[in-house]
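Asker: What follows is a single structure, and I will ask about it in a moment.
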Amino acid sequence: MTTALITGANKGLGKETARLLVEAGLTVWLGARDEARGRAAAEELGARFVQLDVTDDASVAAALATVEEAGTGLDVLVNNAGIARRSPADPRAEAMEGPDVLAVFDTNVVGIVRVTQAALPLLERSANPVVVNVSSALGSFWATHEPSRPASRFPAIVYGSSKAAVSMLTVQYANARPGIRFNAVEPGITATELGGGSPGSHPGRPASESARVVARLALTGPDGPTGTFQEDAGELGW
Ligand code: NAP
């Protein structure tokens, strides 16, 4: 039986990825920082709830201890939790104050390191360990230089640079841990609280559609890629 843990899975892309992995027959740990919303989503999907705030070391340690004690093992980690901060003065703009920037990097970048480090001992016991980092084309140097891509026209100074750090985390982990497949994924512009629909942006497609590429990477087999950045159509330039 294959087991997955997804962070930030009470709504949006994380929840839809959880739905697809449950449908694929996996045991799914649905991580959420809010217990009531996390439990409700887990019950709806037939997943197991685990409290997990990616910015809180104690919460991350307790979550991985819960998974270990349950004896399910862990084969797939989906680092999905992510935030962007909008300026209270102008919702079209990012919040650029130091504490806002730190919060974005703490969640999107340090959060991945916290959860991955805590999960490594369990992943290393799996016969087919996989980590998927949910990133964004806004963090791609290639896409942000390619005029045909929306990422080249949508300003995201803080969020984009946090996702560029997710790219390098993916490559560095893939090199450091060749027994585990680490891939980053661009899910596409998606109608979630974080994504499409914010002022000035594309409305986005349904999360159920975008989650398919995340689930595809999560279900990659032993011969699948590692150290790559993927989107619907295949590999995306870094
Ligand atoms: P979303 O609907 O806002 O969901 C974000 C999830 O992350 C929520 O479950 C949220 O929990 C959780 N989260 C935030 N901070 C957390 C923390 N400290 N600890 C644990 N969970 C936390 O947004 P989404 O679009 O599905 O985003 C999912 C991922 O996709 C993110 O990494 C995002 O950067 C990426 N992405 C999205 C798009 C897009 O267009 N939507 C495009 C490219 C990449 P709460 O409900 O408690 O806030």
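The values are calculated or read from the model by the stated rules, or taken from the named source; none is laboratory data. Remember, it's a predicted structure, so these values are computed and weren't measured experimentally. Neighbour counts are summed over all protein chains in view; Cβ atoms, including those assigned to glycine, are modelled from backbone coordinates with ideal geometry. To get the accessible areas, we keep the full protein, side chains included, count just its heavy atoms, and leave off ligands, DNA and RNA. Shrake-Rupley method; radii C 1.70, N 1.55, O 1.52, S 1.80 Å.
Asker: Using the Cα atoms of the chain to build a convex hull, what is its mean projected area in square nanometres?
Answerer: 12.0 nm²
Asker: Based on the mean of other beta carbon atoms within 10 Å per residue, what is the order of 4-13, 49-58, most packed first?
Answerer: Peptide ranking by packing, descending: 4-13, 49-58.
Asker: Right, something else. Val113 versus Trp238, label points 7 Å from Cα toward the beta carbon: distance in nm?
Answerer: Once both label points are built, they end up 1.8 nm from each other.
Asker: Please compute the length gained on full extension between Arg92 and Asn128, using 0.36 nm multiplied by the number of residues separating them and subtracting their Cα-Cα distance.
Answerer: That pair, Arg92 and Asn128, stretches by 8.7 nm at full extension.
Asker: Determine the per residue accessible area of the chain with all protein chains present and a 1.4 angstrom probe, expressed in square angstrom.
Answerer: 45 Å²
Asker: Only sites in a loop by DSSP and with at most 10 other Cβ atoms within 10 Å count here; which trypsin sites (Lys or Arg not before Pro) in the range 151-192 make the cut?
Answerer: For trypsin sites (Lys or Arg not before Pro) across the range 151-192 that sit outside H, G, I, E and B with at most 10 neighbouring Cβ atoms in 10 Å, the list reads Arg153.
Asker: Remind me, what semi-axes does the range 31-170 give for its equivalent ellipsoid, largest first in whole Å, using sqrt of 5 times each Cα gyration tensor eigenvalue? Walk me through the numbers before you get to the answer.
Answerer: Values: eigenvalues 178, 66, 38 Å².
So the three semi-axes of the range 31-170 are 30, 18, 14 Å.
Asker: Moving on to the next point. Of the accessible area of the chain, with the probe set at 1.4 angstrom, what percent is carbon plus sulfur?
Answerer: 54 percent
Asker: Show me the GluC sites (Glu not before Pro) within the range 54-104 that DSSP assigns to loop and that have at most 16 other Cβ atoms within 10 Å of their Cβ.
Answerer: Details: sites: Glu68, Glu69, Glu94, Glu97; in loops: Glu97.
Of the GluC sites (Glu not before Pro), the ones in loops of the range 54-104 whose Cβ has at most 16 other Cβ atoms within 10 Å are Glu97.
Asker: Given an 8 Å cut-off on Cα distances and at least 6 residues of separation, report the relative contact order of the chain as a percent.
Answerer: On the way: 490 pairs, mean separation 44.1, N = 238.
Over the chain, the number comes to 19 percent.
Asker: State the extension gain, in nm to one decimal, for the chain segment bounded by Trp142 and Glu69, taking 0.36 nm per residue of separation less the distance between their alpha-carbons.
Answerer: Length gained, Trp142 through Glu69: 22.0 nm.
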